[in-house]
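The values are calculated or read from the model by the stated rules, or taken from the named source; none is laboratory data. Here the structure is a predicted model, which means the values were calculated and not measured. All Cβ positions, glycine included, derive from the backbone under ideal geometry; neighbour counts span all protein chains shown. Surface areas here come from the heavy atoms of the whole protein model, side chains and all, with no ligands, DNA or RNA. Shrake-Rupley method; radii C 1.70, N 1.55, O 1.52, S 1.80 Å.
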Amino acid sequence: MELGIQPHGHALEMCRSAKHTRRYPQTRPTHDCVRACGRTTDLTDKVRLCPLSRLMRVLVHSGFSEERRLEPSDQTRYVLNCASELLVKDSSFSSAPTVLTMLDPSLTKPCNFLKAWYLNNDRTTFETAYGMKVWEYAGQDPKFNQLFNDAMASDSQLPVTLVTNECASVFEGINSLVDVGGGTGLMAKAIADAFSLECTVFDLPHVVADLPGSHDLKSVGGDRFEGIPPADAIMLKLVLHDWNDEDFIQILKQCKSAISSTEAKAGKVIIVETVMENHKNAKDEKFLELELALDMTMMMAYAARESTENEWAKLFSDAGFGGYKMHPVLGFRSLIEVYP
């Protein structure tokens, strides 16, 4: 189990928040943290493992592990709970790639440039740190590009299950779908398999260059600002929050042009995004803390923001859409249907 403990705690907070969206085993008693590293050790050995026991004390206090006392020896064992299960690489809904990406030096380095950024004219702290945008950096650094794509795929696993199980009605009457910014195609493949749709992953050429296809799943490289392949529905998962309002509206207009609409059947855009101050989560302090941290990330990396429902509604209207329907079933995120 690989954990990073840094000031950028919102990466780990995502795991705490995600556990509220699905039931997990309360503990995994047969898989304590020390045994997960390949050995069984008595933590009472203060000479060799005092630092480890102190680290585990922090994880217990932070809600990422639970302490157990074994009788009659009174030895200490630490077990995984539903939050730390999400950080195990072989877990069904592992968030390890997402957390490792958020804590990677490539993305934490820009946090050290806040002061310089406030004093210059750069759009983001990332540009102050590297002299280029995130997407340009990903295009030049294969390791970072792979890390980012793995994180996006990991971040799709739980939403994919919830979308296909809880929002099946959203896909009724749809025969084709384009997943804009679909990365490795995890979301598109799951939707194609669940609802027998023709799905297309549309992303930058270097992202989809090696993406395997099938009879109901294909990939197309291109620029979302120049045009999007036509389909009954356009999906945007964690795409719009990466852009400022002007770009956001331009992407939505391209989506509107790509939707296949007739008198008998109206196309739509399907969005999966964070909705700030969601009414279902208003009393959950941890959700609010996570939303605020994500908003800061959007500011520093993309010169963008997370939005409230009222802000989403205005942007939809400005892009020429007539209405929307929000499904707050994804924890701190929501699925939004947007209609022409």
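Identify, please: which residue in the range 298-331 is more than 24 Å from residue 133 (Cα to Cα) and of a type in the set (Lys, Arg) and is, among those, nearest to the chain's Cα centre (by Cα)? Once the filter is applied, the top-ranked residue is 325.
Return yes or no: is residue 202 surrounded by fewer than 21 Cβ atoms within 10 Å (Cβ to Cβ) and among the aromatic types (Phe, Trp, Tyr)? Steps first, please.
Values: surrounded by fewer than 21 Cβ atoms within 10 Å (Cβ to Cβ): no; among the aromatic types (Phe, Trp, Tyr): yes.
So residue 202 does not fit the description; no.
Residues in the range 154-202 that are polar (S, T, N, Q) and in contact (Cβ under 8 Å) with a residue 40 or more places away in the chain: 6 in all.
Cβ-Cβ distances below 9 Å connect the following pairs, each with a first residue in the range 83-97 that is among the β-branched types (Val, Ile, Thr), a second residue that is part of a helix (DSSP H, G or I), and a separation of six or more residues or different chains: 88/36; 88/96. The residue that is surrounded by the most Cβ atoms within 10 Å (Cβ to Cβ), among those in the range 207-227 that are closer than 21 Å to residue 134 by Cβ and touching a strand residue (DSSP E or B) at 6+ places or on another chain (Cβ under 8 Å), is 207. Taking residue 178 as the residue in question, decide whether it is among the aliphatic types (A, V, I, L, M) and in contact with a helix residue (DSSP H, G or I) (Cβ under 9 Å, 6 or more places away or on another chain). So residue 178 fits the description; yes. The helices (runs of 4 or more DSSP H) found entirely in the range 77-155 that carry 2 or more residues being of a type in the set (S, T, N, Q) and open to solvent by less than 50 Å² (accessible area, probe 1.4 Å) are 96-102, 105-108, 125-130.
Only one of the numbered conditions (1) of a type outside the set (Ser, Thr, Tyr); (2) at pLDDT 90 or above; (3) part of a helix (DSSP H, G or I); (4) surrounded by fewer than 20 Cβ atoms within 10 Å (Cβ to Cβ) is not met by residue 312, and that is (4).
When 220, 201, 207 are checked against the criterion of being aliphatic (A, V, I, L, M), under 24 Å from residue 145 (Cβ atoms) and part of a helix (DSSP H, G or I), a single residue qualifies: 207.
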